[in-house]
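What follows is a set of notes on a single structure, which appears directly below.
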Amino acid sequence: MTDDLPRVRLMPKANARAIRHGFPWVYANELVTDRRTKALAPGSLAVLEDSGRVEMGLVAVNPMSRIICRMLDRDAGAVIDRAWFAARISRGLELRERLYEAPFYRLIHAEADGLPGVVIDRFGDAAVIQPNAAWAEVLIEELAAALVEVTGVTTVLKNAAGRTRSLEGLDDASAVLVGAAPATALPVPMNGATYMADLTGGQKTGLFYDQRPNHAFAARLVAPGARVLDVFSHVGGFALAMLAAGAGQALAVDGSAPALELAEAGAAAGGMAERFATRQGDAFDVMTALAAEGAQFDVVVCDPPAFAPNKQALDAGLRAYERVARLAAALVAPGGYLGLCSCSHAADLANFRGASARGIGKAGRRGQLLHTGFAGPDHPQLPQLAETAYLKALFFRL
């Protein structure tokens, strides 16, 4: 097998030891990119060698990407076929079935589950694949067939909306790979609430499973009858969990009308519609307006999009997180609770915590940091890859 594949070689300056110890990527400036390597089609398989021509494993190559190689298998002779995919998916399924009673979870979390650039979220009998790397796009049919074989799902959708796909030179054309797309949003049970997931028109794969344990922690802060505010709420993630825990009233704020409609449908499905309200608009403007109205809440949670998606955006992103904290802190009743989240991998925990603390201080408040949360265990981290530790959630008592 290895004799039939092209070979690519690390430059002497590349950190071969890090790759041998589990780092899954080779950057373009670490690889010898001669004419033959540059001519490889995006998603091609190749044998990676160190600068001394010692085999290191089987990689997927994309000369168009800054991440020019992704490690697929330490065995350079591995065959990437349906059986190989099935073995990786089976390992992921075993973990999720141990963790969750119902089949609603992230089944494959990219590099951490041994499928670089591939995200698979499961919604009962349906699954959504995000192939965010060229090799997975090339082999999508084998991947989908293995997914059906291992899990028994009857619907498989391809979501091509991932921001990283453009960095791989991929299009944004989503598709139905197996079965038929659901005609309506699907109900997803989590933390005692029901969420409505739009698998075809919603954000990402339709629902953010990563916040599940942080929703649960926020719910623990709710006293019976509490007033709660969920800013950047998407389909009501924190609000519905807190209502299920006994909150008296919840207000969900988001810029997306379709997302708020799904939140309302989830509240109705959970029998909580009369305690749930929404407000569409720019989150900063709405928080400013609520403060002007004298509104106060017992628990406020803000879960904004990635303000610092890369290192170049870090300074501006930290200022945005500080502003969120300042505006949100002003809306927390004395002795109440504030939850602040970041999904920016470029803003590490220390930077995000500092920005949050500055914002709280500028609002004239003092906070006790009670809890630091991360993504749930269906989003495992690869210790060698800092990007997999992207989600942070800080909960303060003010």
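The values are calculated or read from the model by the stated rules, or taken from the named source; none is laboratory data. All values derive from a computational prediction rather than experimental measurement. Don't worry about glycine lacking a Cβ; one is built from the backbone with ideal geometry, like all the others, and counts go over all protein chains shown. We work out accessible area using only protein heavy atoms, side chains counted, and drop any ligands, DNA or RNA first. Shrake-Rupley method; radii C 1.70, N 1.55, O 1.52, S 1.80 Å.
Dipole of the chain, Cα-centred, from +1 at each Lys and Arg C-beta and -1 at each Asp and Glu C-beta, to the nearest 20 debye?
Using Cβ point charges on Lys, Arg, Asp and Glu, the chain gives about 1440 debye.
Can you give the accessible area of L349 in Å² (nearest 10), computed on protein heavy atoms with a 1.4 Å probe?
50
Could you tell me what a quarter of the Cα convex hull surface of the chain works out to, in nm² with one decimal place?
Details: hull surface 77.7 nm².
That works out to 19.4 nm², a quarter of the Cα hull's surface.
I want to check the label-to-label distance for D172 and R279. Put each point 7 Å from Cα in the C-beta direction and report it in nm to one decimal.
3.0
Got a number for the accessible area of E387? Probe 1.4 Å, square angstrom, nearest 10.
So the heavy atoms of E387 present about 60 Å² to solvent.
Report the Cα-based extents of region 252-386 along its three principal axes, largest first, to the nearest Å.
Answer, in whole Å and largest first: 46, 37, 27 Å.
What is the projected area of the convex hull of the Cα atoms of region 86-222, averaged over all directions, in nm²? Present the calculation step by step, with values, prior to reporting the outcome.
Values: hull surface 33.4 nm².
Convex hull of Cα atoms, orientation-averaged projection: 8.4 nm².
Counting only C-alpha contacts under 8 Å and six or more residues apart, can you give the relative contact order of region 231-292 as a whole percent?
37
Can you tell me the relative contact order of the chain? Whole percent, Cα pairs under 8 Å, sequence separation 6 or more.
Answer for the chain is 11 percent.
Can you show me the helix-derived [θ] at 222 nm for the chain, built from DSSP H runs with n ≥ 4 at -39,500 (n - 2.57) apiece and divided by the number of residues, rounded to the nearest 500.
The per-residue figure over the chain is -8500 deg cm²/dmol.
Quick one: work out the % antiparallel among DSSP beta bridges in the chain, nearest 5. Walk me through the intermediate numbers first.
Values: 44 of 70 bridges.
Looking only at bridges with both residues in the chain, the antiparallel portion is about 65 percent.
So which aspartates and glutamates pass the test for K392, namely a Cα distance under 17 Å, with those fewer than 8 places away in the same chain ruled out?
D210, D230, D303, E322, D348, D378
Treating the angle as unsigned and between 0 and 90°, give the value, to the nearest 10°, between the Cα long axis of helix 82-99 and the longest Cα principal axis of the chain.
Rounded to the nearest ten degrees, it is 30.
Grab the beta carbon distance between A295 and A181, set R0 = 41 Å, and tell me the FRET efficiency rounded to 0.05.
Working: r = 40 Å, r/R0 = 0.97.
According to the calculation, E is roughly 0.55.
Using the Kirkwood radius over Cα pairs, work out the Stokes-Einstein diffusion coefficient for region 219-325 at 20 °C and 1.002 mPa s, in µm²/s as a whole number.
Rounded, D is 151 µm²/s.
What does the extension gain come out to for A161 and K204, with contour length at 0.36 nm per residue minus their alpha carbon separation?
Full extension from A161 to K204 adds 14.8 nm.
Sort 57-63, 264-270, 168-174 by the packing proxy (mean of other Cβ within 10 Å over each peptide's residues), most packed first.
Descending mean neighbour count gives 57-63, 264-270, 168-174.
How much FRET efficiency would the formula 1/(1 + (r/R0)^6) give for M64 and F374, where r is the Cβ-Cβ distance and R0 is 35 Å, rounded to 0.05?
Once the sixth-power term is evaluated, E becomes 0.60.
In what order, largest first, do T372, T155 sit by accessible area if the probe radius is 1.4 Å?
Values: T372 45, T155 20 Å².
The ordering from most to least exposed comes out as T372, T155.
Per 10 Å bin, what is the whole-percent P(r) computed from every C-alpha pair distance within region 25-164?
Values per bin, smallest distances first: 12, 42, 30, 13, 3, 0.
On a C-alpha basis, how far is the centre of region 58-94 from the centre of region 355-370 in Å? Whole number, if you could?
44
Which whole-Hz couplings ³J(HN,Hα) result when phi for each residue of region 58-74 is put into the Karplus expression 6.51 cos²θ - 1.76 cosθ + 1.60, θ = phi - 60°, listed in order with x for Gly and Pro?
Coupling constants for region 58-74: 9, 10, 9, 10, 9, x, 7, 9, 4, 8, 6, 9, 10, 6, 9, 7, 5 Hz.
Taking the alpha-carbon set of region 169-284, what are its Rg and Dmax in Å?
Every Cα atom of region 169-284 included, Rg and Dmax give 14.7, 51 Å.
Can you pull the percent of Cα pairs in region 326-371 with separation above 12 Å?
Values: 628 of 1035 pairs.
Across region 326-371, Cα pairs with separations above 12 Å total 61 percent.
In percent, what relative contact order does region 149-195 have, based on Cα pairs under 8 Å that are 6 or more apart in sequence?
Result for region 149-195 is 35 percent.
Please compute the Cα-Cα pair-distance distribution of region 312-398 with 10 Å bins starting at 0, giving whole percents from short to long.
Result, from short to long distances: 18, 48, 27, 7, 0 percent.
Check G336: other-chain or 5+ apart residues with amide H under 5 Å from its amide H, H built from backbone geometry?
Answer set, sorted by chain and number: L398.
Please report, to two decimal places, log10 I(q)/I(0) for region 287-333 at q = 0.21, 0.27, 0.31 Å⁻¹ as given by the Debye formula with identical point scatterers on the Cα atoms and no solvent.
Debye output, listed in q order: -0.71, -0.93, -1.09.
Sum up the charges of everything whose Cβ sits under 14 Å from the Cβ of F374, counting Lys and Arg as +1 and Asp and Glu as -1, but leave F374 out.
Once all neighbours under 14 Å are counted, the net charge is -1.
Pop out the ³J(HN,Hα) list for region 169-176 in order, Karplus 6.51 cos²θ - 1.76 cosθ + 1.60 with θ = phi - 60°, rounded to Hz; leave Gly and Pro as x.
Result, rounded to whole Hz: x, 9, 7, 10, 8, 7, 7, 9.
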